[in-house]
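The values are calculated or read from the model by the stated rules, or taken from the named source; none is laboratory data. Keep in mind it's a predicted model, so treat the numbers as computed, not measured. Cβ placement follows ideal geometry from the backbone for every residue including glycine, while neighbour counts extend to all protein chains displayed.
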Amino acid sequence: MDIIDQMRIAIPEEVKKAQQLLGQRDRVLAQAQEKRIARSRSHARNPINLVSKDMVMQEAQRRADQILTQARAEAEGIRAMPMNM
């Protein structure tokens, strides 16, 4: 019964962590989108910095992908936990 009680406590925390990671991913994607819009506006005025801004966008996308992968892995770990210990 102690293990079941521990799982009842641990699983909601793990789900909460996964949801927070997904929230972080959404924020990173939103920031990347904002940067993309800003880059487009800047490019219209000054195309010289396009390469460096594109690198920032790629890094933001890479980080968003990492967060999503981590959240999915944690969610799978939670789902894989035996429920009747």
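Pick from segment 1-41 the residues that are among the acidic types (Asp, Glu) and closer than 23 Å to Glu59 by Cβ: which of them is surrounded by the most Cβ atoms within 10 Å (Cβ to Cβ)? Residue satisfying both the conditions and the ranking: Asp26.
Among the residues of segment 64-85 satisfying the criterion of being among the charged types (D, E, K, R) and over 13 Å from Gly23 (Cα atoms), which is nearest to the chain's Cα centre (by Cα)?
It comes out as Glu74.
Determine, yes or no, whether Ile67 is touching a Lys or Arg at 6+ places or on another chain (Cβ under 7 Å) and at pLDDT 85 or above.
The answer is yes for Ile67.
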